[in-house]
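Down below is the structure, laid out as structure tokens.
The values are calculated or read from the model by the stated rules, or taken from the named source; none is laboratory data. Note that the structure is predicted; figures quoted are calculated from it, not measured. Methodologically, a virtual Cβ is constructed for each residue, glycine included, from the backbone with ideal geometry; neighbour enumeration extends over all protein chains shown. Note: areas computed on protein heavy atoms with side chains; ligands, DNA, RNA excluded. Shrake-Rupley method; radii C 1.70, N 1.55, O 1.52, S 1.80 Å.
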Amino acid sequence: MIVFTPARMSQINCIIEKNYRKPVACALQKSGLVEVEFLSNEFLEQELIRRSSPEEEVDAVSRKIILANKLIDYFSEFDESEVNFLEDVLGVEKIEPRIIDRFGQDELLGESGDFLSSIDGKVSALNGKIAENQSKYEQLSVLVETLNYFSGLDFKVEWLGESQYLYTQAAIARESDFISLQNELSMSFGDGFGVESAGCGDGRISFLVYTLKHNAVSLDGILRKNNCEVRSFAGKGSVSKLKGKVEGELEYVKDVKAELGKNKRELFNRFYGKLLEVHELLDIEKNRCEVFIRCGQTENTVFMRLWTTQKDKGKVLDIIDEKTEGFNLIEVVDDVDDAPILLDNPPVIRSFETLTKLFSPPRYSDIDPTPLIAPTFALFFGLMLTDAVYGLVLALGSYYLIRKYGKYSKGLYDLCVILVVCGIAAILFGFLTGSFLGDLVGKYLLGGEGSQDVALWLDPLYKTNSIIFLTVVCIAGFIHLFIGYFIGIYDSVRKGKIKEALIDYGSWFILAGGVALIILVKTGKLPETVNPIGYALTLTGLILLFMSSGLMAFLKIVGVVGNTLSYARLLALALTTAGIAMTFNFLADISKDIPYIGLGVAAIVFILGHTINIFMNTLGGFVHALRLHYVEFFGTFYPGGGREFTPFREERKYTR
């Protein structure tokens, strides 16, 4: 049965003893049937109670979550889930949750603590080895780089520094600085120094400089003054032998580094999946521990305000009664005005609830517009796409996505269900307008003038058919708007607001009826005797509108006319889809006459052109169908403004 209101809700105010709060919260969370309201400070002060505190275990759980997050981040570089291009575009993760045994809080904290501590110990030990190896790798890399600079000077590294008579340094300088260095050495030491040099690339020179030992301080100063980079070496032997030895050590360090990387990946393969599961379980437990922040308490009791549907009310009361062993005090209030909103429509239109929520959920006492927008959204979309083949591609493609990814993403499932219905509507209008990949069938396959030859109704591009089409869509828009006004009357009467029903909504029907009678008389469809009735109804409608809106009534009348004309976009997009399809058909037809490559070019133009047209006008049709409902239709009766029902439940992704 299709209903026009959100699910009927019950408010459950319950008082339980403190020692029962843990089992009650655990059972309610597992059931997922209730929302736990956050009590305002004003309410707590009024009832002379204080805000409840989370369970004492929340600190231990939070510490474990922090540790789990640290370990997950540590291993995240290896998380290379196989995601194809389509899954990446759709944002779908194909995760098969693992069935796990349910256990209590103490078991969770104990087992997760042991598990996380064990992994943390392994990770810490491995990190120490990796850090030590990396430090050695960096040191050896720098040494190899330095030795490469001096490979053209095969001296023994023991010569560097002070010897019995000499002081020797190895350094690198720019060519311009090296020239000034030699000049200054000559001025300072005369013939009492020696330099051996070799090019090391990048416009720099490596060199060995030596002088008498008592000139050591002066030599160091001159080297600094001329921007020379003094290098030192650890080890013994010639530069070439030391370089070979260091390079061997570096290769060994690289092998160790690779092995440590393998060890890290092995830890990832063994523990990462369970880490995600443990993190999820701990997060569920943390939410349960913290739920009491929303509640109130006295010294010995806890006050909870719960919301649930009236059909689930009995189950919730049974849970509370069972977990408190009957020691509770409960008050149930049905149909509270500020109840949270849970849309409850039949499965056939449930996916269209997404469109209602995207605008705003209804208030509890208001109409749920989902059953109203489901058929008209699909029809308007189909009218704008208006091609049978495009609709078939859209419906089949969306159905494929439902079968392949629907169970992994509720949002994707709902969107694809909507597109399947919209695709079917496009197929219907494609047959009515004779559009099968534009005029492909009517003109190119059957040799006729175009789509009009195979249309069950009319081709909007054929001669003056666009005028008929425009008239039809504007009439459809006018009816759509007045359906909204009728729903406004129904909703107001349902709430007992008869005056509002008459003035705010009924006035439009009276005014429209009066104007219609006047037009029918003027066109000779009705006798002149009816004319006074038409003027009387028109005047009455205007008076009622002025009673409702004052001088703004003039703007509202203009607005209704503008909103009606806004439905002309249905014609505009229908013409766009058909026109672009015809254009690509024409381009493909003339391309086939190109020598040698004509058929290939025609195929590319045909396939690519129609693919672009499908995507472009699917997006355009969806957006404009939304706009006609959100702006024009909802503007007649639907304010939105409801608060969506947020169940207190176990949010699971990796476990079940």
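Looking only at the range 291-326, residues that are on the phi > 0 side of the Ramachandran plot and surrounded by 12 or more Cβ atoms within 10 Å (Cβ to Cβ) come to 0 in all. The requirement of being crowded, with 17+ Cβ neighbours inside 10 Å and not aliphatic (A, V, I, L, M) is satisfied by Ser351. From the list Glu42, Glu47, the lone residue that is open to solvent by 40 Å² or more (accessible area, probe 1.4 Å) and without any contact (Cβ under 8 Å) to a residue 40 or more places away in the chain is Glu42. Among the residues in the range 38-58, are any out of contact with any Asp or Glu (no Cβ under 8 Å at 6 or more places or on another chain), β-branched (Val, Ile, Thr), more than 30 Å from Asp414 (Cβ to Cβ) and at pLDDT 90 or above? Yes, because at least one residue in the range 38-58 is out of contact with any Asp or Glu (no Cβ under 8 Å at 6 or more places or on another chain), β-branched (Val, Ile, Thr), more than 30 Å from Asp414 (Cβ to Cβ) and at pLDDT 90 or above.
Within the range 565-578, is even one residue open to solvent by less than 70 Å² (accessible area, probe 1.4 Å) and within 25 Å of Tyr490 (Cβ to Cβ)? Yes, that holds for at least one residue. Sub-7 Å Cβ pairs linking a first residue in the range 465-480 that is over 21 Å from Ala578 (Cα atoms) to a second residue that is of a type in the set (A, V, I, L, M, F, W, C), at least 6 apart or interchain, are His480/Phe633, ordered by first then second residue.
Scanning the range 579-614 for residues that are within 30 Å of Leu628 (Cβ to Cβ), crowded, with 18+ Cβ neighbours inside 10 Å and of a type in the set (Gly, Ala, Ser) turns up Ala581, Gly609.
Residues that are farther than 30 Å from Ile15 by Cβ and open to solvent by less than 50 Å² (accessible area, probe 1.4 Å): does the range 55-66 have at least one? Within the range 55-66, one or more residues are farther than 30 Å from Ile15 by Cβ and open to solvent by less than 50 Å² (accessible area, probe 1.4 Å). For the range 327-345, the criterion of being open to solvent by 10 Å² or more (accessible area, probe 1.4 Å), part of a helix (DSSP H, G or I) and either without any contact (Cβ under 8 Å) to a residue 24 or more places away in the chain or not aliphatic (A, V, I, L, M) (or both) is met by no residue. Taking the conditions (1) touching an Asp or Glu at 6+ places or on another chain (Cβ under 7 Å); (2) open to solvent by less than 60 Å² (accessible area, probe 1.4 Å); (3) among the polar types (S, T, N, Q); (4) within 30 Å of Asp337 (Cα to Cα) in turn, Thr655 satisfies each one other than (4). Of note, Asn613 does not satisfy the criterion of being assigned to a helix (DSSP H, G or I), of a type in the set (S, T, N, Q) and within 26 Å of His480 (Cβ to Cβ). As a summary of the residue check, Ser176 satisfies the conditions (1) in contact with a Leu (Cβ under 6 Å, 6 or more places away or on another chain); (2) part of a helix (DSSP H, G or I) except for the one numbered (1). One residue stands out in the range 499-546 among those that are open to solvent by 60 Å² or more (accessible area, probe 1.4 Å) and under 47 Å from the mean Cα position of the chain (by Cα): the one that is farthest from Ile557 (Cα to Cα), namely Lys499.
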